[in-house]
1. Can you tell me which residue among 643, 624 is farther than 19 Å from residue 195 by Cα, touching a strand residue (DSSP E or B) at 6+ places or on another chain (Cβ under 6 Å) and in a loop (DSSP other than H, G, I, E, B)?
2. Give the residues of region 126-156 that are touching a residue at least 12 places away in the same chain (Cβ under 8 Å) and assigned to a helix (DSSP H, G or I), sorted by residue number.
3. Quick test for you: out of 763, 771, pick the one residue that is assigned to a helix (DSSP H, G or I), at pLDDT 60 or above, surrounded by 11 or more Cβ atoms within 10 Å (Cβ to Cβ) and among the small types (Gly, Ala, Ser).
4. Of everything in region 830-866, what is among the hydroxyl-bearing types (Ser, Thr, Tyr), at pLDDT below 75 and open to solvent by 40 Å² or more (accessible area, probe 1.4 Å)? Give them in sequence order.
5. Restricting to region 267-306, count the residues that are closer than 30 Å to residue 219 by Cβ and of a type in the set (Lys, Arg).
6. Could you please tell me which pairs satisfy a Cβ distance under 8 Å, a separation of 6+ or placement on different chains, a first residue in region 446-460 that is at pLDDT below 95, and a second residue that is exposed (fewer than 13 other Cβ atoms within 10 Å of the Cβ)?
7. Looking only at region 523-556, which residues are outside any loop (DSSP other than H, G, I, E, B), open to solvent by 30 Å² or more (accessible area, probe 1.4 Å) and not basic (Lys, Arg)?
8. Quick one: what pairs do we get from region 600-621, first residue within 12 Å of residue 160 (Cα to Cα), second among the small types (Gly, Ala, Ser) and surrounded by fewer than 18 Cβ atoms within 10 Å (Cβ to Cβ), C-beta under 8 Å, 6+ apart or different chains?
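The values are calculated or read from the model by the stated rules, or taken from the named source; none is laboratory data. What you see is a predicted model; the values in this text were computed from it and never measured. Reconstructed Cβ throughout: ideal geometry from the backbone, glycine too, with neighbour counts over all protein chains shown. The protein model used for the area step is the full one, side chains on, heavy atoms only, and it has no ligands, DNA or RNA in it. Shrake-Rupley method; radii C 1.70, N 1.55, O 1.52, S 1.80 Å.
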Amino acid sequence: MACAALPAFAADDPSRAAEAFFEKDVRPILVNRCFDCHSEKKQKGGLRVDHLSYLKTGGDTGPALVPGAPEKSALIEAVRYTNEDFQMPPKNKGGKMPDAEVAILEKWILMGSPWPNEGAKQVAVPEGGFTEEQRSYWAFQPLATVSPPPAGGSWVRNDIDRFIAEKQAAQGLTPAPEADRHELVRRVYFDLHGLPPTREQVAAFVNDPDSRAYEKVVDELLASPRYGERWGQHWLDLVRYAESDGYNQDAYRSGSWPYRDYVIRSLNEDKPYDQFVREQLAGDEMAPDNPDVLIATAFLRHPVYEYNLRDVRGQWDLILTDLTDTSGELFLGLSMGCARCHNHKFDPILQKDYYRLRAFFEPVQWRDDLKLATPAEKNVFAEKQVRWEEATAAIRARIEALAKSAIDARVERWRASFSEDLQAMTRKPAGQRDALEKQLAGLCERQLTYARGEFNAAKDLKSDEAKAEYQALQEELKKFDHLRPKELPEAFVATDAATLAPATRLQTRQGEQEIQPGFVTIVDPKAPQIVPTATSTGRRKALADWITRPENPLSTRVIVNRIWQYHFGRGIVATASDFGKLGELPTHPELLDALTHRFIAGGWRFKVLHREILLSATYRQTARSEPDKAAAKVDPLNRFLWRFPPRRLDAEEVRDALLAVSGEIDMKAGGPAADGNGTRRSIYTRKKRNSPNELLRALDMPAGFVSASERQSTTTPTQALQLLNGEWVLERARKLAAQVRGPDEAWLAVLGRPPTERERTLAETLLKERASAAPLAKLQSATNAAAGGDFKTNSARERLLVTASEKEGDEFTVEAITRLDTIDPNAEPRTLVAHWNGGKDSHESFGWSIIVTGTKSRYQPRNILV
């Protein structure tokens with residue numbers, strides 16, 4: 001795979017991603033679940049799983065794996081637990097592995113079972129030190145102090161252009177002309193706001209004679225709250241933000257949205273990045289009483305979770321693994337997960353380094369008992385709560401007495417599914433638990449709380465008298481609602497479980513070792529300076545302080561590279577979350593270091609960096625430039641930026657642009673998420689991992705299971721079907737059509753420019769064809785509806801029948817003047833107007849009816865219902 005001697009662009013080979021997937025996700029499963037019985041020391045059933053050749057050869061029952069065919073692979077049959085006589089791992093070795101791990105093995109086999117070549121290209125990391133080649137690798141070097149080269153001539157607008165021009169000249173490339181104002185204003189609006197400019201905004205910029213017109217637009221966009229909404233989405237991708245647990249139940253996380261608002265607010269305020277990072281890693285250790293800081297620790301709450309998983313220890317291990325892997329990729333740009341089971345195969349990262357990083361997160365506890373409020377707000381709530389509790393004590397005591405036996409029975413049935421040690425933890429008073437017991441009992445208690453919530457008085461109470469009393473008490477309790485304070489917001493946050501952390505243990509051939517917190521050895525071998533607080537170990541603050549040191553060569557370069565990537569579609573290092581040997585080398589390393597120096601000197605503020613990039617001649621190039629012979633031969637993928645890279649709108653940009661041009665977009669900021677089939681901005685819509693919005697999913701929105709450093713860009717039939725036939729999209733088109741008069745206005749609204757002559761001709765031809773194919777609806781003859789005629793259902797005497805191909809969409813208005821000659825003498829409704837697809841009596845139909853009720857209707861006579 002990619003190593004220092006290979007060209008910088010070898011990472012375009014799909015095998016790089018496949019091998020990284022194996023090292024990070026597959027190998028740890030094989031090591032943790034299979035090696036005890038099926039590796040070098042022991043081969044139960046004659047099977048080894050420590051190399052692909054052994055798996056393909058198999059054991060006593062034949063091949064364990066058929067590359068590309070999970071359904072034909074005995075390994076998959078065993079781990080799925082569908083055959084009672086063939087189950088692995090066995091129940092005495094942990095039992096069935098989580099569904100997520102089974103899915104990883106299935107995906108790996110379907111990919112063809114890639115297994116890295118462990119020959120000459122493998123990096124052997126000596127325990128006592130590192131080779132000179134390893135130490136001299138570019139990403140581990142201190143930031144270089146570089147001066148801009150004297151290149152670019154009159155094309156240059158700032159120092160960025162000098163670095164770009166030098167590389168272009170060396171390759172014989174020529175930069176593209178500057179984009180015209182129509183192209184440029186549309187680009188920068190989508191880039192900074194994720195929205196198209198309005199016709200008025202386009203006209204204002206295009207017609208502004210000021211030589212600083214573009215600079216003014218950039219400043220206005222950066223100052224707008226829309227900036228945080230757009231760039232917040234990038235960060236949410238990186239931290240795998242979602243509003244549901246994932247796995248099977250995919251329960252909704254109703255308290256997660258304040259973190260999303262925290263991210264948007266921080267970016268709009270131009271909060272320094274070093275502070276932004278420290279708050280997310282250790283906000284509880286920095287300002288535990290400040291809800292605006294504490295909510296940042298929701299970063300630690302984003303791993304997936306299954307409410308009824310009985311293997312609580314295994315689930316907690318997966319959560320800590322997720323935090324470790326994500327933090328290594330997000331902040332350091334290192335595939336730390338590849339060193340979980342052994343020293344990294346390609347990078348100089350020790351297995352101990354992985355567990356040193358994990359040790360910083362070892363004491364973390366997910367908190368379900370905290371509120372997102374200031375101390376003063378908590379005091380006011382407590383005072384009101386006391387008054388309510390005093391007034392309702394007797395009622396609540398009787399309710400509890402009635403329900404206690406049924407609730408206890410549910411809880412004990414659930415508790416019995418845990419192992420005996422976990423059962424003991426849940427029975428131990430919370431104040432007597434150590435840190436590990438708090439973590440594990442906390443996950444158990446989530447399940448027991450679910451069991452308590454399953455209590456149903458109508459089913460669980462045995463006697464009618466008890467049910468009646470319970471209901472009466474509930475009604476009596478409601479009379480005191482005026483005394484009860486409004487609940488404080490749930491704090492979807494994390495803290496340390498105690499001031500003393502659980503041990504981080506590493507199993508080695510020499511036995512079990514306890515690992516202390518530490519940094520990546522090749523970067524900083526010194527032990528961290530950890531200062532505990534009154535309630536916390538202080539470990540995460542020590543990690544956050546190290547990550548945000550100006551001298552850190554990894555974290556500083558990583559975030560600057562990410563900003564460049566989001567502006568140009570590709571980072572200076574194309575593999576933005578992997579600066580190691582499996583990633584790509586930087587195309588412009590001197591520019592990366594120069595920008596990183598300026599970023600730190602500017603106070604770690606994003607907007608200063610944005611402005612420098614956006615005002616460069618490099619960014620202002622047109623994307624409408626075809627490659628000449630030199631570009632086509634030397635740089636067909638535009639890595640040296642001889643033009644601005646054409647960018648495809650991502651899922652949220654497409655959806656928000658549809659709402660913007662139809663005039664429907666709801667710009668309300670913050671608060672609980674809304675239905676994605678509504679009109680709020682996409683960042684404020686519900687994001688469920690297993691059931692996302694269909695349009696956004698079709699357009700490659702990440703699901704939120706893992707950190708996403710870049711958006712996939714696929715072309716699928718589903719996308720075309722959603723955009724051409726999706727009812728939500730068609731409704732936006734109808735709204736737009738009602739506002740424009742002809743192709744010119746439609747083009748200006750949607751594309752920000754008038755149509756070309758060819759486009760105008762095609763559009764007018766299409767409109768004529770559609771008009772002739774869909775004549776105006778004709779009313780059925782109403783001759784039988786003359787005054788005094790007999791009433792008859794399903795006739796014009798009951799209703800006006802209209803034949804029309806047009807669908808009215810999600811929202812519509814019916815305007816009519818109706819005279820009721822008669823109504824049904826019984827309870828039968830009569831239809832005024834209806835629209836059904838397939839007939840309203842079919843269970844597979846959908847539609848609506850507006851009816852008027854009869855004389856004996858329980859809804860009252862002459863009542864209009866939908």
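1. Going through 643, 624 in turn, just one is farther than 19 Å from residue 195 by Cα, touching a strand residue (DSSP E or B) at 6+ places or on another chain (Cβ under 6 Å) and in a loop (DSSP other than H, G, I, E, B): 643.
2. Once the filter is applied, which keeps residues that are touching a residue at least 12 places away in the same chain (Cβ under 8 Å) and assigned to a helix (DSSP H, G or I), region 126-156 yields 133, 134, 135, 138, 139, 140, 153, 155.
3. 763
4. 842, 859
5. 2
6. Note: pairs meeting the criteria are 451/413.
7. 545
8. These pairs meet every condition: 609/602.
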